[in-house]
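**Q** One structure coming up, written as structure tokens, with questions to follow.
Please treat every number below as a calculation from the coordinates, not as lab data. Note that the structure is a prediction, hence the values are computed from the model and not measured. Note: ideal-geometry Cβ built from the backbone for every residue, glycine included; neighbour counts use all protein chains shown.
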Amino acid sequence: MTSEMPSSYGDAFADVYDRWYENITDAEATARFVAMRAAAELPVLELGVGTGRLVGPMIRAGLHVVGVDASAAMLEICATAHPEVSLILADLATFSPTKPIGGALCAFNTLFNLTRAEDQLNLITQIGKALTPGAPLVVEAITGFGLDQAPEQSVGLSEVDPERTVMSATVVDAVSQTITGQHVEYEPDNTIKKRNWQLRWSTVVQLDEMASAAGLKLSERYADWSQTAFEESSQKHISVYVKR
Ligand SMILES: C[S@@+](CC[C@H](N)C(=O)[O-])C[C@H]1O[C@@H](n2cnc3c(N)ncnc32)[C@H](O)[C@@H]1O
């Protein structure tokens with residue numbers, strides 16, 4: 001079930017992404033958080049911009065957004081909704097900005113769509129090189145806390161309505177720090193559609209080490225976009241890194 005191509009996740013989920021995930025996190029709070037910290041005048045990169053769920057709020061918050069994504073299907077939806085935004089089709093595992101940036105946002109576990117730690121490190125390194133002094137790299141991700149105790153395999157229902165049923169199966173491997181999942185969708189015409197995804201999580205300690213190796217340091221960490229205090233048992237984190 002491993003997704004090999006950088007575009008696999010986006011291409012598989014583009015047609016349902018906004019319907020399934022529109023309100024998965026607080027987009028307005030995300031945008032305000034980034035806008036408060038970004039360096040004025042310079043572009044802010046959204047790494048894994050997808051359909052642009054966060055782009056509208058970021059523009060309204062005054063940011064000059066440039067979106068990067070490996071999925072042409074995702075970018076097409078984003079371009080239709082936000083024709084004014086510059087979009088770059090690129091694999092985040094090898095992407096490096098060509099100009100200085102006033103900030104970067106890697107939201108909703110997108111960093112962990114890079115399923116090799118070295119690719120996560122490379123992205124943080126390349127972003128670190130392009131950040132102007134004081135400008136933030138903002139990462140929103142799960143911490144992995146409790147996943148070593150989670151059931152190794154689980155199946156759940158994501159959606160049931162008269163038209164379709166969507167089931168999701170996941171396998172957690174705490175040793176490789178991966179979650180591998182598949183959404184299985186029974187379509188109205190009784191055909192089945194499968195959508196695969198995989199995350200490789202890094203713990204906050206591992207992320208801080210990567211940031212340090214990339215010449216960055218942690219400047220803030222919260223448990224959510226409302227800036228709730230982060231605790232060791234927090235299941236997700238918002239981390240802000242700046243140049244050392
Ligand atoms: C979970 S979605 C997040 C989209 C958007 N940031 C949001 O919060 O709604 C992850 C996005 O990252 C993109 N992505 C995954 N792996 C990628 C890679 N290796 N390079 C570039 N984009 C990638 C996917 O195509 C998808 O659009």
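**Q** So how strong a dipole does the stretch 13-67 carry about its Cα centre when Lys and Arg Cβ are +1 and Asp and Glu Cβ are -1, to the nearest 20 debye?
**A** Value, rounded to 20: 140 debye.
**Q** Regarding the chain, what is the average projected area of its C-alpha convex hull, in nm²?
**A** Mean projected area for the chain: 12.9 nm², to one decimal.
**Q** In nm, what is the difference between 0.36 nm times the number of residues separating Thr98 and Lys193 and their Cα-Cα distance?
**A** Fully extending the segment from Thr98 to Lys193 adds 30.3 nm.
**Q** Rounded to the nearest 5, what % of DSSP beta bridges with both residues in the chain are antiparallel?
**A** 70 percent
**Q** For the stretch 190-244 and the stretch 107-175, what is the centre-to-centre distance using only Cα atoms, to the nearest Å?
**A** Centre-to-centre (Cα) distance: 8 Å.
**Q** Straight-line reach from Lys99: which lysines fall under 30 Å, measuring Cα to Cα and dropping same-chain residues less than 8 apart?
**A** Qualifying lysines at Cα under 30 Å: Lys129, Lys217, Lys243.
**Q** Taking just the alpha carbons, could you work out the radius of gyration and Dmax for the stretch 28-138, both in angstroms?
**A** Expressed in Å, the Cα Rg and Dmax of the stretch 28-138 come to 12.7, 35.
**Q** Also: Under 5 Å between amide H atoms, partner at least 5 residues away or on a different chain: which partners does Ser86 have, H built in plane at 1.01 Å?
**A** For Ser86, whose amide H was placed from the backbone, the distant partners under 5 Å are Gly67.
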